[in-house]
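A short write-up of the structure that comes next.
Computed from the coordinates by the stated procedures, all read-outs in this text should not be read as laboratory data. No experiment lies behind these values; they were computed from the predicted model shown. Counting neighbours? That spans all protein chains shown, and the Cβs are built from the backbone with ideal geometry, glycine included.
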Ligand code: TYM
């Protein structure tokens with residue numbers, strides 16, 4: 001199976017990114033052909049600081065490698081290193097109905113947050129479609145918030161195939177039920193734009209501080225509580241074994257516990273969970289030339305594949321290419 005996914009370098013990765021997406025990237029390396037990239041062109045729709053964008057792009061590579069993306073098994077690259085994707089983007093843009101993009105929730109949400117509506121933001125899902133279709137990806141591991149974008153990709157690919165003949169593979173999303181929408185400190189979806197995140201590489205003391213800020217209700221300690229739908233319990237479950245989760249669920253139902261104790265247990269588990277990745281990250285940080293080489297090698301492989309698909313799409317649509325080019 002050919003697998004592809006992208007992640008924006010718009011700050012340090014948080015638990016939602018890890019459990020919703022990155023953990024899947026790592027699992028899918030086994031037995032699949034996998035492509036993972038840092039979506040720096042998408043990040044341009046929100047990051048307008050040159051130094052930050054450059055730094056976050058490299059940070060994202062370090063984070064992914066430290067968390068277990070293995071360059072011997074995965075093609076890891078930066079989006080902007082594959083210009084074929086931007087060429088494909090135009091071929092797709094030319095046949096994408098406005099209405100399809102007007103319905104996209106992420107565009108509507110960002111507008112509601114007051115992010116100015118540049119055309120890049122509006123056309124964002126078409127660039128994402130180009131990302132996916134350029135590698136003939138069949139499976140796209142993501143969190144639930146990206147589901148609509150994968151559906152849009154299918155719609156665009158289907159339309160192109162209908163107009164010009166079978167050209168693109170129709171991908172499907174792979175979403176982990178238990179981490180489809182990881183909650184943040186306030187119970188809403190964990191997201192940088194809501195300011196409710198805990199970062200994967202936060203220091204243990206910071207993790208603890210943030211965990212203590214998780215919003216809980218003010219019911220009396222002795223009152224029995226339902227673990228289902230409780231976001232503190234949901235976060236705890238991400239790090240706990242099945243047994244520990246059951247034990248915690250039983251504690252909730254019995255009542256007589258303090259939320260602050262659950263928060264402390266969560267902070268401890270989370271810090272331990274990411275400890276080895278934190279160490280690996282430090283080692284990688286000391287060898288940036290190696291990291292840059294991994295990205296360059298990944299880009300070369302990705303370009304070859306994207307070039308093949310771009311050529312196929314151009315031929316299908318009758319887009320001219322001079323001989324020998
Ligand atoms: P991005 O950078 O916002 O998020 C990266 C991945 O993390 C997942 N995620 C979550 N999953 C569960 N719970 C959460 N609270 C949570 N927050 C984030 C996202 O679903 C995503 O899988 N448009 C994409 C980047 C992209 C892309 C692509 C993805 C560009 N091209 C092609 C797949 C294929 C984005 O903004 O993800």
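What do you get for the angle between helix 242-254 and the principal long axis of the chain? Use alpha-carbon atoms, 0 to 90 degrees, nearest ten. Computed tilt is about 50 degrees.
On C-alpha positions alone, give me the angle between the axis of helix 84-93 and the longest principal axis of the chain, in degrees, nearest 10. Taking the Cα atoms of the chain, the angle to 84-93 is about 90 degrees.
The residues 27, 144, 228, when put in order of fewest to most other Cβ atoms within 10 Å, stand as 228, 27, 144.
So for 15, 90, fewest C-beta neighbours within 10 Å to most, what's the order?
Least crowded to most crowded, the residues run 90, 15.
Once the Cα atoms are used to define both axes, helix 147-164 deviates from the longest principal axis of the chain by about 10 degrees.
Assuming 0.890 mPa s and 25 °C, estimate D for the stretch 11-167 with Stokes-Einstein, Rh taken as the Kirkwood radius over Cα pairs, in µm²/s.
Value of D from the Cα-based Kirkwood radius: 148 µm²/s.
The helix-only estimate of mean residue ellipticity at 222 nm for the chain, built from DSSP H runs of length n ≥ 4 each weighted as -39500 (n - 2.57), is -16500 deg cm²/dmol after division by the residue total. Each Cα pair under 8 Å and six or more residues apart adds its sequence gap; the mean of these over the residue count of the stretch 202-273 is a relative contact order of 49 percent. Take the alpha carbon gyration tensor of the stretch 63-138, find the square roots of its eigenvalues, order them as a ≥ b ≥ c, and report rounded if a/c is under 1.5; if not, report prolate when a/b exceeds b/c, else oblate. Since a/c reaches 1.5 but b/c is at least a/b, the shape of the stretch 63-138 is classed as oblate. Look at the alpha carbon pairs under 8 Å that are at least 6 residues apart: their mean separation over the length of the chain gives a relative contact order of 23 percent. Taken as Cα centroids, the stretch 54-118 and the stretch 1-32 sit 13 Å apart, rounded to the nearest whole angstrom.
Between the beta carbons of residue 268 and residue 55, assuming R0 = 22 Å, the FRET efficiency works out to 0.15 to the nearest 0.05. Under 37 °C and 0.692 mPa s, how fast does the stretch 202-273 diffuse according to Stokes-Einstein, given a Kirkwood radius computed over C-alpha pairs? Answer in µm²/s, whole number. Roughly 266 µm²/s, to the nearest whole number.
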